[in-house]
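Enquirer: My structure is below; once you've seen it, I'll send some questions.
The values are calculated or read from the model by the stated rules, or taken from the named source; none is laboratory data. Not measured: the values here are computed from a predicted model. Quick reminder, even Gly has a Cβ in these numbers, built from the backbone with ideal geometry, and neighbours come from all protein chains shown. Ligands, DNA and RNA are stripped out before the accessible areas are found, and what is left, the full protein with its side chains, is counted by its heavy atoms. Shrake-Rupley method; radii C 1.70, N 1.55, O 1.52, S 1.80 Å.
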Amino acid sequence: MVKFKLHFHADCDGITSAYFVSRELDRLNFQYALYPSLGASVELKGSNNICLDISDVKTQSPLNFSLDHHITEKYPLFHANFRQVGFEWPVSFDSYLLFGDLSLAWVAAIGIAADWCAQKVPVKFWDTVREQWPQLKIPKKIEQLPLIKGPIGRMANMIDASVAVNKQSGAIYALRALQESETPDDFLEGKGKAEKLVTLREKILKEVATILDKEEVFDECVFLRFNSPYNIKSLVAGHAKERNPGKVIIIAQNERDKIRVSFRGGDHLDVLVKELTEGIGGGGGHPQASGGWIHHWHWEKFRDRLNKKLHCTLK
Ligand SMILES: [Mn+2]
């Protein structure tokens with residue numbers, strides 16, 4: 001009997017995608033193992049791998065399948081990407097279309113909203129969610145912010161918190177909690193496995209609030225440097241961006257061997273991070289969101305470059 005390896009990005013989009021694909025594998029009585037991926041790239045061993053929401057797939061065998069929405073080359077494997085035919089749909093929506101069921105639309109909604117793609121999927125989808133679950137408070141006119149501030153965003157926070165605290169095993173746990181929940185209310189109210197996710201969400205939000213208390217605000221940018229055992233950079237960046245519209249957000253998280261930095265809320269941030277870390281670390285990404293790292297012993301150099309470039313007075 002074939003055993004599949006299900007790789008998925010350990011974020012809301014990847015986890016909800018894995019929800020729909022694993023459901024189909026279960027229906028067919030296929031065996032599979034789960035491989036959540038914290039990063040964007042995966043190197044596949046052999047064949048019978050399925051990749052969801054993973055932008056960089058390395059493989060020697062064409063007998064692997066990738067369902068993705070990033071702008072990438074066509075890999076030498078079975079590859080489907082709705083973006084290539086003009087639809088910027090997150091993988092959670094694609095997986096729902098392929099393997100879902102109307103009664104499970106709420107799960108797809110979490111992945112779509114968390115990937116900031118609310119307006120990119122057909123309005124008819126949101127009508128379906130609104131009709132079935134008025135308690136999810138889907139706005140009449142679909143907009144990203146009210147969605148992410150409502151119950152849909154709350155569910156996304158629960159999943160993100162699980163990954164932030166427990167990494168890969170947190171991703172698998174969140175997937176199991178979704179599978180166990182028959183309705184969005186079960187999940188939101190913390191029935192069964194979801195109970196732990198409610199607690200983790202509160203814990204992470206508290207941690208983020210403590211970090212935000214120490215933000216340093218300048219004319220052009222906002223700077224936040226912190227220690228945390230959790231992977232909460234993007235969450236902190238999201239909150240900081242909301243509090244400081246129009247400014248570049250710079251997040252620096254101290255790690256054992258290096259300082260990891262993230263940039264949000266500006267233009268050409270991929271170029272900026274490359275300039276700031278040149279010779280003292282590394283970095284890259286997208287124009288509106290980039291990230292990198294520097295060695296601890298190069299901190300002063302990085303700070304001086306940053307002060308010069310963004311006209312601030314970071315000490
Ligand atoms: Mn993703």
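Enquirer: Quick one: how many residues across region 126-142 are more than 16 Å from PHE187 (Cβ to Cβ) and aromatic (Phe, Trp, Tyr)?
Expert: Looking only at that region, the number is 1.
Enquirer: Cβ-Cβ distance below 6 Å, separation of 6 or more or different chains: which pairs start in region 71-95 with a residue that is polar (S, T, N, Q) and modelled with pLDDT under 95 and end on one that is assigned to a helix (DSSP H, G or I) and within 16 Å of the ligand (Cβ to nearest atom)?
Expert: Here the result reads none, with nothing in region 71-95 linked to a residue that is assigned to a helix (DSSP H, G or I) and within 16 Å of the ligand (Cβ to nearest atom).
Enquirer: Okay, next question. Given ALA209, ALA252, ALA171, ALA237, which one is farther than 24 Å from ARG303 by Cβ, open to solvent by less than 40 Å² (accessible area, probe 1.4 Å) and not acidic (Asp, Glu)?
Expert: Going through ALA209, ALA252, ALA171, ALA237 in turn, just one is farther than 24 Å from ARG303 by Cβ, open to solvent by less than 40 Å² (accessible area, probe 1.4 Å) and not acidic (Asp, Glu): ALA171.
Let's see how each residue does on (1) under 24 Å from LYS206 (Cβ atoms); (2) open to solvent by 50 Å² or more (accessible area, probe 1.4 Å); (3) at pLDDT 95 or above:
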{"position": "ASN227", "(1), (2), (3)": "yes, yes, no"}
{"position": "TYR230", "(1), (2), (3)": "yes, no, no"}
{"position": "GLU242", "(1), (2), (3)": "yes, yes, no"}
{"position": "GLY266", "(1), (2), (3)": "no, no, no"}
{"position": "GLU278", "(1), (2), (3)": "no, yes, yes"}
{"position": "LYS301", "(1), (2), (3)": "no, yes, yes"}
{"position": "ASP304", "(1), (2), (3)": "no, yes, yes"}
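Enquirer: A further question follows. Report yes if SER262 is crowded, with 22+ Cβ neighbours inside 10 Å, out of contact with any Phe, Trp or Tyr (no Cβ under 6 Å at 6 or more places or on another chain) and either under 16 Å from LYS214 (Cα atoms) or of a type in the set (Gly, Ala, Ser) (or both), otherwise no.
Expert: For SER262, the condition - crowded, with 22+ Cβ neighbours inside 10 Å, out of contact with any Phe, Trp or Tyr (no Cβ under 6 Å at 6 or more places or on another chain) and either under 16 Å from LYS214 (Cα atoms) or of a type in the set (Gly, Ala, Ser) (or both) - is met.
Enquirer: Moving on to the next point. Would region 145-154 turn up any residue that is within 25 Å of TYR230 (Cβ to Cβ) and not in a helix (DSSP H, G or I)?
Expert: Yes, the conditions are met somewhere in region 145-154.
Enquirer: Okay, moving on. Any residue at all in region 260-277 that's touching a His at 6+ places or on another chain (Cβ under 9 Å) and among the acidic types (Asp, Glu)?
Expert: Looking for residues that are touching a His at 6+ places or on another chain (Cβ under 9 Å) and among the acidic types (Asp, Glu), one finds at least one in region 260-277, hence yes.
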